[in-house]
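Peer 1: Shown below is the structure under consideration.
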Amino acid sequence: MHDFDFLIPITIFGSIAFILFKFFDDRHRERMMIIEKGLASDEVKALYTNQWTWRMNPLTSLKWGMLAAFIGCGILVGSAMGASINWIDEDKLMTGFVFLFGGLGLIIFYAMAAKKAEPGRP
């Protein structure tokens, strides 16, 4: 079974190289089609600007920050409880607290976002 271990890095690097090749090849083909159609540079800029513009929701950073903070609290509480409680496996306790606090962070975020999204609130 260990005879084919050398294929793992070859497959990983080959896959990355193939993805990069396809990305640059498609980008080249798209640009060549734009040149063939004779679009002016202003039209090309408008084409890419309209297609790729998106607004970042300012609450996204709050959501991920709260999730990370509550997962950290879950790890902290899980490790403290694991040292003091002997009748539960520490790995199960840690996993439970991580998911509990992560979910609690997302629920609190939802409540904050819903309150902020109410009409008439700044």
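Peer 1: Starting from the Cα of I34, step 7 Å along the direction of its Cβ; do the same at V77; then give the gap between the two resulting points in nm.
Peer 2: If labels sit at I34 and V77, their model points lie 5.2 nm apart.
Peer 1: Now for a separate question. Take H2, H28 and order them by how many other Cβ atoms sit within 10 Å, fewest up front.
Peer 2: In increasing order of surrounding Cβ atoms, one gets H2, H28.
Peer 1: Compute the relative contact order of the stretch 58-116 as a whole-number percentage, counting only Cα pairs closer than 8 Å that sit 6 or more residues apart in sequence.
Peer 2: Relative contact order, the stretch 58-116: 44 percent.
Peer 1: Okay, moving on. The stretch 55-119 to the stretch 17-36: how many Å between their Cα centroids?
Peer 2: 42 Å
Peer 1: Quick one: divide the alpha-carbon radius of gyration of the stretch 58-116 by 2.2 N^0.38 Å and tell me what you get.
Peer 2: 1.29
Peer 1: Tell me, what ³J(HN,Hα) does each residue in the stretch 62-71 have, in order and in whole Hz, if you take phi through Karplus 6.51 cos²θ - 1.76 cosθ + 1.60 with θ = phi - 60° and put x for Gly and Pro?
Peer 2: 4, 4, 5, x, 5, 4, 5, 5, 6, 5
Peer 1: Output ³J(HN,Hα) for the stretch 10-21: one whole-Hz value per residue in order, computed from phi by the Karplus curve 6.51 cos²θ - 1.76 cosθ + 1.60 with θ = phi - 60°, and x for Gly and Pro.
Peer 2: Taking θ as phi minus 60°, the curve returns 5, 5, 5, 5, x, 5, 5, 5, 5, 5, 5, 4 Hz for the stretch 10-21.
Laboratory data are not the source of any read-out in this text; all were calculated from the coordinates shown. Only a predicted model underlies this, so the values are computations on that prediction, with no experimental measurement involved. Every residue, glycine as well, gets a Cβ built from its backbone with ideal geometry; the counts of neighbours run over all protein chains shown.
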